[in-house]
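Chemist: Quick one: the structure is below, questions incoming.
Taken together, the values in this text are just the output of simple stated rules run on the coordinates, not laboratory data. A quick note: this is a predicted structure, and the numbers were derived from the prediction, not measured. Using ideal geometry, Cβ is built from the backbone for each residue, glycine included, and neighbour counts are taken over all protein chains shown.
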Amino acid sequence: MGLYDRDYTQADYSSHFRYAPQMRIGFPKVTPIVKWLLIINIAVFIVSLLTPRLGIFIYEWFQLDATSVPRALQLWRLISYQFLHDPNIIWHIFFNMLGLFFLGPTLERHWGSKRFLPFYLGCGVAGALFYFFLVAVRFLPAIPMVGASGAILGMLAACAILFPQFVVIIVIFPVPIRIAAVAFTAIYIVTVITKGANAGGDAAHLAGMATGAAYVLSERWRIRLGLKIQKKRWQKKIAEQQKLQFELDRILQKVHDTGIHSLTSKEKRILKKATQAEQMKNRL
């Protein structure tokens, strides 16, 4: 599978979502997080391939492992397994890194590095947790799992929603990304339901895609929720300041009427705090 982008409508096509970049034909310029993800994945693969003993150690301690409760509870594996690939199947890492190379830069530029990396890793974590769930309910057998496919498929789903003009090359045939996403989803569902050869991996693929789609589709809701929370915090801060000012006015009036010696310990602390705050404000 290869990937590229094409504008089917007009030269200044843009996504229906906020601030989406224009898509152009050609190889993408690798962005910082994507570059390091590529380097780490490829480096780990080469090291594991060239030094089998070290590779055994790496896979033993960093692959996703649901075969025992203690290993399942080693939380670092939720992240580390995404950087491991089967050294005996070069196509495994090849297609994953190809997807990362073509899809990743667009999303990183769209969201920024600080949002892209948690999104990428989060899709992979969601894939791992869904696989754990299916093992816990005894729907799938517990076997070790590696690969970045959950994260890659999460990016595929996100791009299918944000950039419907994106095209993927499956074997030699160009396919619109939304059709490819639907086709992959259908294949993965069938594989999981029928408990096919890669049912665990495809379960992770499905969860990664669902997470990627949910993240994009919930963006407006998350923005509204964030603004609502920020508004409540601001209103609470204003109310606290008004309450403090009212209390301060009362204390100052008491000082004027009966002298500072009439203040209680609590009133003196409030007066001292307000004085220090005013001094800091003047310094700024």
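Chemist: Let me have the 222 nm mean residue ellipticity of the chain computed from DSSP H runs of 4+ only, each contributing -39500 (n - 2.57), with the sum over all residues rounded to the nearest 500.
Modeler: Details: 11 runs with 193 residues, N = 284.
Value at 222 nm, helices only: -23000 deg cm²/dmol.
Chemist: Which of the lysines could a cross-linker bridge to residue 228, judged by Cα under 27 Å and excluding same-chain residues fewer than eight apart?
Modeler: By straight Cα distance, residue 228 reaches 114, 236, 237, 243.
Chemist: What ranking of 86, 65, 249, 202 emerges when the number of other C-beta atoms within 10 Å of each C-beta is taken as an exposure proxy, fewest first? Before the final figure, lay out the partial values.
Modeler: Numbers: 86 14, 65 20, 249 10, 202 24.
Placing the least packed residue first, the sequence is 249, 86, 65, 202.
Chemist: Highest mean first, what order results for 229-240, 129-140 on Cβ atoms within 10 Å? It would help to have the intermediate numbers written out before the result.
Modeler: Working: 229-240: 10.0, 129-140: 16.4.
Top to bottom by mean Cβ count within 10 Å: 129-140, 229-240.
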